[in-house]
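Comments concern the structure below.
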Amino acid sequence: MAGPAPSQRYLSTRGGSYGFSFEEAVLKGLASDGGLFIPEAIPTLPEDWASRWSKLRFQDLAYEVLSLYISPSEIPADDLKVLIERSYSTFRHPDIAPVVPLVPEENLHVLELFHGPTFAFKDVALQFVGNLFEYFLARRNAQQARNGGKRHALTVIGATSGDTGSAAIYGLRGKKDVSVFILHPRGKVSPIQEAQMTTVLDGNVHNLAVEGTFDDCQDIVKALFSHPEMSKTHNLAAVNSINWARILAQIIYYFSSYFALANELPQGETPKIRFVVPTGNFGDILAGYFAKRMGLPIDKLVIATNENDILDRFIKSGRYEKHPVAAEEGAGGIVADGAKAHPAGVKETLAPAMDILVSSNFERLLWYLALECISGEAQSTAESSQEKKATAGKTVLQWMDSLKSVGTTVVPDSVLESARRDFVSERVSDEQTVATIKHIYTTPPSAPYVLDPHSAIGVAAAKRLIEKAKVAGETDVTFVSLSTAHPSKFNHAVDLALKEESGYDFDTVVRPKEFIGLEQKEKRVTVIERPDAELVRAAVEEMLAAEGKV
Ligand SMILES: *Cc1c(COP(=O)(O)O)cnc(C)c1O
């Protein structure tokens, strides 16, 4: 059998290492030089993709897309198909990710990504990641059994402010040889999200409620990953949004939604699509960038941020910096009101899954921009030499060092120009988010559709761009706004927007039947009295021992 193609081998964005298998990229998560894994080349679509793929089910389309990035010498075709079927069998909608017209006369659609088990888009990737972990471990352990070696087990540790935790837990529950520990700040996640996590009673799932903040939880996770004893005795793994398999699985729905819209047009016509993506860590929209670079006709990718707007500021200025110049000092440095802003500078908004200071996956885009800048060719794919790639890695390393040491990176104009060829950006305030939820719920033809606050940020951005397109006389643009969570997960923001509306009641209008009585179900959670890494480590060791894993 032919070995892996360049698009099926992986390198690090910081230039230190290349030639990794898909399995290594997925299980390691982060490269040892601190960079992120990307394929050595972006695959191009087969000649007949537009006709051959157009009527495929989501799962079959998934196979076509994923197999361009995963060599059959690593995962044989039949195995990959089984993994995909299993991953999407947990979704409630037959189309997995349906495209729903929101305002037909404006050509505005939403791509609903929340029909998985935890009602958030992260399920699309994490259901697949859980099955991949299990598959790789089963294979390694079959080998170990033949050689009489010790079983491989994975210990997944992560911190969550709500959404990632439940999606990770549902992706990994009951998976053989995997134990999962999710830290959340006690009392600081929404009641539904807390219940979603703690009512999962599988023996390999452990919720730790830490007396502290989300940042404390993240710091503890970092401390555990660099703890010599922990990393020596356990195979630690992360499922945060930098894991390549998560990006990969998210590429699928750009294709499926493209076909859903293209199939409605007369034969031979292609829609001119602008995807609007509520963005935090830049994982979801990066998948769109890969789809575009593979050859899917995407007109633009729209970054929609909340008030944590580092990416919006980058697209507007070419400066990638944690804080807008001087603004933070003006607010008095450390802001006393801990609820609204805290020393690290992340603003708490109504869309908490997008509350970030820097976007971890943006480094992957920076690598492609650096490579383009070096090669001087816009769409270089497979042919870029090792040398140019190594130089791109060095450039990224410098940019990231500068971000870390002085809080700022300024890219050359040519780099900003190439970013702007693919991306535009909009920043949406909390006030606009609430107004958008209200408008869409109350105004025909979208009424009574209920948006969650993250999805509302996308729709608010799309609405602005629709106005701009009208002014520019563009009538042929289709807008697809990605809907990243079901509104029931963020009842605070939704209630804020809709509580005055007659006939509105959260339980009857928004709450899905799966969430009825959820908060009353049996829970299992371990309280950690102080935000202390040693306390957490002791608890993890104890629970692993109880599971029989050490
Ligand atoms: C994670 C998340 C996002 C942000 O996605 P990124 O890939 O981090 O950009 C947006 N909305 C919701 C509901 C999420 O859970």
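Return the total of residues in the stretch 12-39 being open to solvent by 10 Å² or more (accessible area, probe 1.4 Å) and not basic (K, R).
Step one: filter the stretch 12-39 for residues open to solvent by 10 Å² or more (accessible area, probe 1.4 Å), giving 14-21, 23-24, 27-28, 30, 32-34.
Now narrow it down to the ones that are not basic (K, R): 15-21, 23-24, 27, 30, 32-34.
Going through the stretch 12-39 one residue at a time, the tally reaches 14.
On inspection, R427 passes the criterion of being modelled with pLDDT of 95 or more, open to solvent by 30 Å² or more (accessible area, probe 1.4 Å) and within 29 Å of D123 (Cβ to Cβ). The condition of being among the hydrophobic types (A, V, I, L, M, F, W, C) and either at positive phi or open to solvent by less than 20 Å² (accessible area, probe 1.4 Å) (or both) holds for only one of L416, L397, that being L416. In the stretch 186-252, counting only helices (runs of 4 or more DSSP H) that sit wholly within it, the ones holding 3 or more residues that are open to solvent by 20 Å² or more (accessible area, probe 1.4 Å) and within 27 Å of S488 (Cβ to Cβ) span 214-225. Just need a number here: residues in the stretch 94-151 that are open to solvent by less than 10 Å² (accessible area, probe 1.4 Å), in a helix (DSSP H, G or I) and within 13 Å of the ligand (Cβ to nearest atom). Total satisfying the criteria: 4.
Restricting attention to the stretch 479-510, which residues are outside any helix (DSSP H, G or I) and either within 24 Å of R464 (Cα to Cα) or within 16 Å of the ligand (Cβ to nearest atom) (or both)? Before you say what the answer is, go through the steps one by one.
The initial filter retains those residues of the stretch 479-510 that are outside any helix (DSSP H, G or I), namely 479-486, 499-505.
Answer for the stretch 479-510, where residues must be outside any helix (DSSP H, G or I) and either within 24 Å of R464 (Cα to Cα) or within 16 Å of the ligand (Cβ to nearest atom) (or both): F479, V480, S481, L482, S483, T484, A485, H486.
Of the numbered criteria (1) at pLDDT below 90; (2) of a type outside the set (G, A, S); (3) under 25 Å from I356 (Cα atoms), the one K150 fails is (3). Filtering the stretch 253-276 to residues that are of a type in the set (S, T, N, Q), surrounded by fewer than 19 Cβ atoms within 10 Å (Cβ to Cβ) and out of contact with any Ser or Thr (no Cβ under 8 Å at 6 or more places or on another chain) leaves Q267, T270. Annotation: of all residues in the stretch 152-185 being touching a Leu at 6+ places or on another chain (Cβ under 6 Å) and open to solvent by 10 Å² or more (accessible area, probe 1.4 Å), the one that is farthest from the ligand (Cβ to nearest atom) is H152.
When restricted to residues that are more than 17 Å from E372 (Cβ to Cβ) and in contact with a helix residue (DSSP H, G or I) (Cβ under 7 Å, 6 or more places away or on another chain), the stretch 383-413 contains 2. Being more than 16 Å from the ligand (Cβ to nearest atom) and among the basic types (K, R) holds for only one residue in R246, R293, and it is R293. So for the stretch 513-533 (the condition being touching a helix residue (DSSP H, G or I) at 6+ places or on another chain (Cβ under 8 Å), in a helix (DSSP H, G or I) and without any contact (Cβ under 8 Å) to a residue 24 or more places away in the chain), does at least one residue qualify? No, that holds for no residue.
Against the criterion of being in a loop (DSSP other than H, G, I, E, B), on the phi < 0 side of the Ramachandran plot and of a type in the set (D, E, K, R), E269 qualifies.
The values are calculated or read from the model by the stated rules, or taken from the named source; none is laboratory data. These figures come from a predicted structure and were not determined experimentally. For neighbour counting, all protein chains shown are included, and Cβ atoms are generated from backbone atoms with ideal geometry for every residue, glycine included. Remember, those area values only see protein heavy atoms, side chains included, never the ligands or the DNA or RNA. Shrake-Rupley method; radii C 1.70, N 1.55, O 1.52, S 1.80 Å.
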